[in-house]
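This report concerns only the one structure given below.
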Amino acid sequence: MGAKANKTPKNQKTGLTFVERISKSFSDFGKRFADGSPGTKLSHFIFGAGNFYHKQYIKGLIFLLLQIAILALMIFCPSINGTPYGWKALRNLSLTHVSEGGDFDPFTGQFTSGSDCKLMVLFGFVTIAMIFIYILLWNKNIQSSYKADMDRKVGKKPTTFKEDLKELLDGKFHVMMLTPTCIAATIFTILPTIFMIALAFTTYNSQDMNDLGTNLFHWNGLQNFRAVFTGEGSLGIEIKNRFLPVLGWTFIWAIFATLTCYFGGIILALLINKKGLKGKKVFRTVFIFTMAVPQFISLLAVRNLLGEYGPFNSLLMQLGWIAKPIGFLGLHPSDSEKLAKVMVILINMWVGIPYTMLMTSGILMNIPADLYEAGRVDGASTVKMFRKITLPYVIFVTTPYLISSFIGNINSFNTIFLLTGGGPTYTGYQAGGTDLLVTWLYKVTIDQGSYNTGAVIGIFTFIITATITLITYRRSKAYNEEDTFQ
Amino acid sequence: MSTEKKKRVSSQSRNRRVSLGATYTILIILGIIWLIPLVWIVLSAFRCQYQPDGTFIGRVTSNFFPKQFGLKNFKDLFTATYYGVPGAFPRWMLNTLIIAIIDCIISTFLVLSVAYCMSKLKFKLRKTFMNVSMIIGLFPGFMSMIAIYFLLKSIGLTGNPSHPEYSVIGLVLAYSAGAGMGFQIAKGFFDVIPNALVESAKLDGCTSFKIFQRIILPLAKPIIIYQALMSFTGPWMDFIFAKVIIGADNARYWTVSVGLYSMLFGTHPDTNLFTQFAAGCVIVAIPIVTLFMFLQKYYVEGVTAGAVKG
Amino acid sequence: MKKLLAIVLVLAMTVAVFTGCGKKDGKAEIKDDGVIRVWVGEESAEFYQKACDAYIADHSDFGYKIEVKGMDTGSIAGTITNDPTAAADIFTVAHDNIGKLASTQCAKPITDESLIEQVLADNPESFRGVIYSTLNDKQYLYGVPYISQALFLYYNKALVNDGEQETFEGLREAAKRAGTKAITVTGDDGFNMSFALLARKVSDKSTTVKIYEGADSASGGSKGTSNCQGDDTVAIIRWLQAFAEDPNGFKWASSDGWDADLDKDNKGVVAVIGGAWHYNTAKSALGESNLGIAMIPTFTLTDAACEGLSGVSAGDEYRGGTFADCKCFMINAYSPASKYAKEQDLIKYLSSKDVQNESYVECLNVPAYVGATEFIKKCFDEGKVTESQYNLAAMQVGMAEWGIPQPFITGTLNTYYYSKNGPAVFRAMIDKTAYPTTGDQILTETESLDGVRKGLYLVEYLWMHGQAPSSFPASLPDPA
């Protein structure tokens, strides 16, 4: 885990790392086996045996049932859509025990389908997760029995099931609170993410597979990453030629989108909160109103408003300012890329400024009035006061927001996807002039079915955002205070 | 001397009036710019223009103000068959409402519980949990979309020909399952609640559960409302995830935003649905905007809590 | 202990979820729940549901319920290849998807003798090459045609004088009067490109373009011969380059949609090349009374276009071409064998001449069988369809004579034609822009004769090899 490397020394002193903690809990395994009661010894083979020994029947039963369930799953390998779980899934994970299928009986219509490699990989990971859980359970079950041994030794009674439940509402409250999230996030967030990362090391590319007339894919190591430099593979040329431009534009976009919205929002907030201004509420409402409208509605409205036959172009034409419609959003391949880029940044201001305005309004009100008073006494101009007092204060308070909004903008899918669709397109490439890494990723996976290439782009996006986060966020005040906070 | 002073005062107040006037002008211009696209969508929704021979014009036209107004788009929207589904739009509205309500309940619960643990409880894997959730959060979200589809499919919660309606449950799961990982804003809010409150309650012999229930929850009203608002409005706005999870072939169980988006961008060649799209947008936007305006205060609190504390 | 409870819950849920629903090791298959599901084009879903209901009423021993669902036909093939186990038992696709669906084993062959007989008896010879595909070195029938499709011309009767729609030059005159462009297309993919690529000389309907001619997948996938470097093709490209530069000439479809262009208020175009599936949109853009339907016009090669070419001469007249395609019924490979016989019976009925005829009257689907013209004419005479609806079918049948079915034998070849950027190079040539992505070789310009020749060589190479050549031959056209 990359995050570990960056731990501050202080951290290492105070707490054990995750890995150390795990290894520690296993290191006294020998000791437990030697000292433990017969129940504890038996627990090494049959889950819950120790608990039965100590008459903790419910707990023991839970352990036993879980062991049986997992072992049954591992041995009997139930299958879904023809792809099995269990030990077969581990074997399948190598993607070598695959069959092309296609045996056809013309009389009965019986058709043998081939192996489904993506499910093989997915189920393989699910099975590995199961094994991991099995090991944890094994350890827990011994621990639990050993603890009962110890309790008994000092003359205490082993805890009852009821007591255990009670403890869940107090000392172990976090377990109860976090369990649902842990389950759900493991299944629906962590596992899928690992799966997609794994695809970056395969040949899972619908187009290549289609060309070869196969449904199967296999592992191919770092070849997809190499394609960024060598241009191999069906999308290799795309990756090689378009990666740097898209990356560059992603950065330019993120910087401009963040800064324009940020300062625009502050200025707007200052304007609205100006002393003596009436109708503050009305103005605020107007801007918040645009923020409340779902983005896909407001952005599609803008897109059509500025479209080739939309009212805006026709107005300009009626005024005689232009002779033919301007392609503001690069929807046509011959439209200007620079204009499209400027337009998305401008329109993004339209989207983002109210948000910053809303956020900074509160902060502006909190600036101590005597600061301004002092400034006024010194005869500072409004601009100077803004530069010397307001801005430093706001920036100081909102640095975390700036960083997170920068990262948010790197991953800003909606604005680009809905406004330009990545256009203007380049003949022969998926990635157009305004495509960000994320929209490119979308096109490559959802439109093209090139999952391996998509995963490579995704991993690069992750590396970039992770680097920025690590550099700035973890060193920021908010994070470091977090340690001293408890 | 005194006249000079008066002069200065009056020139100052004149300056002030000028600058105030300028502020009004700028704000009014900006306000207009900000409202134009939305006004245009509303106007388009009520547009009712025809070709000379009576064919209805439903696509984008060059005139900002409609030449004729009418309710035809709304009527069509509620009665028309889209993607082979009769009465599709009301159906989509209902789907979305169901999904939004369930998602709202589950997500809010998950976020609050995680945020509370992270902010106010001490336990071994706390930091690990925070790091993992941060790392996972840095991957582009829809990278995992396909895998989620196949996971849901393998338990029959989507792509199930005999029970296409199960995909609604699948989508709720997909939306709310990861919600707990987005605890940062709520945590920022809880962090501000003084630890002393918690400590003194502990000394009084309160269990962690009691503290959560009696002390934290009553104080957390703004963040609960913020979180509920966010998770309730989410399904009304998402047009990518929902389509992949529910399935492009399963139009009956789409959410309203997938439906509206497809009306404009489906590979379906009919681009004549713009005014109906606009009408749909108005209908979707009204409840969301109302909710938002109503709960603005809480939204601001949430935003600020998230913004100034990482 | 308490953490244990957490794990218990995780496990209980996961185990229940993953074992509870799992079958024992088996073949991936859609469950046979007594329903046969059919996906057809959205516009005709209602019609086919009715037809199926009628079929069940007639065949009380059929034993299955039938559910028809309307789908966006453009995306059906993609939906199926994504996840065939979640797709219908019977579905319809344009025939050019057959190779892909067969080679990725998403579809299974049709073996019912009487159905094969019906298909061979009813359909034009030209379809036969494209509805078969190979499985285990054997040729099988995969698709059953039931709708035919070709490109033709929609034009604005209010702006185009009668007779002008017959030539590109005439349309240009009309456009000049109206201050618009003459003609557009509905997209820039390989299908729409066929209007230029497959243009044929009017005098003898000849063209030198060959796409996988004589390809034979049975013997391990010989790609046959392709050619798009003929002098006529070069001349057509150069003519189209000039026509696209003309202020009143050709334009690509805009993203706002070709129908916005067609609307006369927008001063976009006076005509558009499209298919029957664009009918409703074209009608709403122009209004029924202004909607003209005609064959794709002819054009005359200019001196400039023929300069330096020996195979053509200025004044030669060409007619824009088209792919003449069909939509087919196919059977999902994952559909259980128990349904197989019933599915074929049902397809036999749905693709019969009677049902095809009815679907023309009800949904304007142009029948695919030979001799449908008579029925179409009869419908018009009896007042069952309007004039533009009649024209729609008649022009399409007329254009079919000028077209060829989109060729494919295996999934591979067809993919090469479409997806290996051939259409993008084609577009770059017409736009006279550079085409940047050809490996190390960069096509820097497409303006000169040499540039066009290189472009066409590149297109042909992409068709045949699926990738760009490492270098261009010293002299073009390349005899190989």
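The values are calculated or read from the model by the stated rules, or taken from the named source; none is laboratory data. Not measured: the values here are computed from a predicted model. With ideal geometry, Cβ positions are generated from the backbone for all residues, glycine too; neighbour counts draw on all protein chains shown. Protein only, heavy atoms only, side chains kept; ligands, DNA and RNA dropped before computing areas. Shrake-Rupley method; radii C 1.70, N 1.55, O 1.52, S 1.80 Å.
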- Task: Return a yes/no flag: does the range A:419-429 have any residue that is among the aromatic types (Phe, Trp, Tyr) and either open to solvent by 50 Å² or more (accessible area, probe 1.4 Å) or at positive phi (or both).
- Result: yes
- Query: So, of the residues in the range A:376-390 that are closer than 25 Å to A:Ile255 by Cα and surrounded by 14 or more Cβ atoms within 10 Å (Cβ to Cβ), which turns out to be nearest to the chain's Cα centre (by Cα)?
  - Reply: A:Thr390
- Note on the structure: Filtering the range A:391-408 down to residues that are surrounded by fewer than 16 Cβ atoms within 10 Å (Cβ to Cβ) and farther than 18 Å from A:Ala257 by Cβ yields A:Leu391, A:Pro392, A:Phe396
- Task: Identify all residues within the range A:205-221 that are outside any helix (DSSP H, G or I), crowded, with 20+ Cβ neighbours inside 10 Å and without any contact (Cβ under 8 Å) to a residue 60 or more places away in the chain; write none if there are none.
- Result: A:Gly213
- Note on the structure: B:Tyr299 meets each of (1) within 10 Å of chain A (Cβ to nearest Cβ); (2) in contact with a Ser or Thr (Cβ under 7 Å, 6 or more places away or on another chain); (3) modelled with pLDDT under 90 with one exception, condition (2)
- Selection status of A:Phe188, at the interface with another protein chain (Cβ under 7 Å from one of its Cβ atoms) and not acidic (Asp, Glu): yes
- Message: Just checking, does the range A:316-326 include any residue being in the same structural domain as A:Met365 (by TED's automatic domain parsing), assigned to a helix (DSSP H, G or I) and more than 22 Å from C:Glu245 (Cα to Cα)?
- Response: yes
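Let's see how each residue does on (1) part of a helix (DSSP H, G or I); (2) more than 14 Å from chain B (Cβ to nearest Cβ):
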position	(1), (2)
A:Arg226	yes, yes
A:Thr258	yes, no
A:Lys275	no, no
A:Leu299	yes, no
- Message: Can you tell me which of (1) in contact with a strand residue (DSSP E or B) (Cβ under 8 Å, 6 or more places away or on another chain); (2) assigned by TED's automatic domain parsing to the domain that holds B:Pro194; (3) open to solvent by less than 30 Å² (accessible area, probe 1.4 Å) is the one B:Arg91 doesn't meet?
- Response: (3)
- Identify the residue in the range A:72-86 that is without any contact (Cβ under 8 Å) to a residue 24 or more places away in the chain and open to solvent by 30 Å² or more (accessible area, probe 1.4 Å) and, among all such residues, is farthest from the other protein chains (Cβ to nearest Cβ). A:Ile75
- Query: Going through the range A:181-204 one residue at a time, which ones are open to solvent by 20 Å² or more (accessible area, probe 1.4 Å) and polar (S, T, N, Q)?
  - Reply: A:Thr186, A:Thr189, A:Thr203
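Suppose we filter B:Ala201, B:Ala248, B:Ala220, B:Ala242 for residues that are among the aliphatic types (A, V, I, L, M) and modelled with pLDDT of 90 or more; which single one remains?
So the residue among B:Ala201, B:Ala248, B:Ala220, B:Ala242 that is among the aliphatic types (A, V, I, L, M) and modelled with pLDDT of 90 or more is B:Ala242.
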- Given the residues C:Val10, C:Val35, which is the only one that is within 14 Å of chain A (Cβ to nearest Cβ) and either at pLDDT 90 or above or open to solvent by 20 Å² or more (accessible area, probe 1.4 Å) (or both)? C:Val10
- Item | Count of residues meeting criterion [under 18 Å from the mean Cα position of the chain (by Cα) and within 9 Å of chain A (Cβ to nearest Cβ)] in the range B:139-197 | 12
- Single residue of C:Trp258, C:Trp252 found to be surrounded by 24 or more Cβ atoms within 10 Å (Cβ to Cβ), of a type in the set (A, V, I, L, M, F, W, C), within 29 Å of A:Gly421 (Cα to Cα) and under 22 Å from the mean Cα position of the chain (by Cα): C:Trp258
- Conditions (1) within 14 Å of chain C (Cβ to nearest Cβ); (2) open to solvent by 50 Å² or more (accessible area, probe 1.4 Å); number of the one not met by B:Gln49: (2)
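Report yes if A:Ala257 is assigned by TED's automatic domain parsing to the domain that holds A:Gly454, open to solvent by less than 10 Å² (accessible area, probe 1.4 Å) and either of a type in the set (A, V, I, L, M) or touching a strand residue (DSSP E or B) at 6+ places or on another chain (Cβ under 9 Å) (or both), otherwise no. Steps first, answer last, please.
Values: assigned by TED's automatic domain parsing to the domain that holds A:Gly454: yes; open to solvent by less than 10 Å² (accessible area, probe 1.4 Å): yes; either of a type in the set (A, V, I, L, M) or touching a strand residue (DSSP E or B) at 6+ places or on another chain (Cβ under 9 Å) (or both): yes.
So A:Ala257 fits the description; yes.
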- Note on the structure: Taking the range A:227-244 and keeping residues surrounded by fewer than 21 Cβ atoms within 10 Å (Cβ to Cβ) and either touching a strand residue (DSSP E or B) at 6+ places or on another chain (Cβ under 9 Å) or assigned by TED's automatic domain parsing to the domain that holds A:Ser94 (or both) leaves A:Gly231
- Query: When A:Ile345 is evaluated against the numbered criteria (1) in contact with a helix residue (DSSP H, G or I) (Cβ under 6 Å, 6 or more places away or on another chain); (2) buried (at least 22 other Cβ atoms within 10 Å of the Cβ); (3) touching a residue at least 24 places away in the same chain (Cβ under 8 Å), which criterion, by number, is the only one it fails?
  - Reply: (2)
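Being within 32 Å of the chain's Cα centre (by Cα), surrounded by fewer than 19 Cβ atoms within 10 Å (Cβ to Cβ), facing chain B (nearest Cβ under 10 Å) and free of Cβ contacts under 8 Å to residues at least 24 places away in the same chain: is that true of A:Leu178 here?
Numbers: within 32 Å of the chain's Cα centre (by Cα): yes; surrounded by fewer than 19 Cβ atoms within 10 Å (Cβ to Cβ): no; facing chain B (nearest Cβ under 10 Å): yes; free of Cβ contacts under 8 Å to residues at least 24 places away in the same chain: yes.
For A:Leu178, the condition - within 32 Å of the chain's Cα centre (by Cα), surrounded by fewer than 19 Cβ atoms within 10 Å (Cβ to Cβ), facing chain B (nearest Cβ under 10 Å) and free of Cβ contacts under 8 Å to residues at least 24 places away in the same chain - is not met.
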- Could you check C:Ala428 against (1) under 30 Å from A:Asp208 (Cβ atoms); (2) within 14 Å of another protein chain (Cβ to nearest Cβ); (3) in contact (Cβ under 8 Å) with a residue 40 or more places away in the chain and say which number it fails? (3)
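Within the range C:370-385, how many residues are part of a helix (DSSP H, G or I) and either of a type in the set (Val, Ile, Thr) or open to solvent by less than 30 Å² (accessible area, probe 1.4 Å) (or both)? Give the derivation first.
Filtering the range C:370-385 down to residues part of a helix (DSSP H, G or I) leaves C:372-381.
Narrowing the set further to residues that are either of a type in the set (Val, Ile, Thr) or open to solvent by less than 30 Å² (accessible area, probe 1.4 Å) (or both) leaves C:372-373, C:376, C:379.
Within the range C:370-385, residues that are part of a helix (DSSP H, G or I) and either of a type in the set (Val, Ile, Thr) or open to solvent by less than 30 Å² (accessible area, probe 1.4 Å) (or both) number 4.
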- Candidate set from the range A:96-154 (those that are within 11 Å of chain C (Cβ to nearest Cβ), part of a loop (DSSP other than H, G, I, E, B) and touching a helix residue (DSSP H, G or I) at 6+ places or on another chain (Cβ under 7 Å)); member that is surrounded by the fewest Cβ atoms within 10 Å (Cβ to Cβ): A:Thr108
- Message: Condition first: open to solvent by 10 Å² or more (accessible area, probe 1.4 Å), farther than 21 Å from C:Gln118 by Cβ, free of Cβ contacts under 8 Å to residues at least 40 places away in the same chain and not hydrophobic (A, V, I, L, M, F, W, C). Can you find one or more residues in the range C:351-369 that meet it?
- Response: no
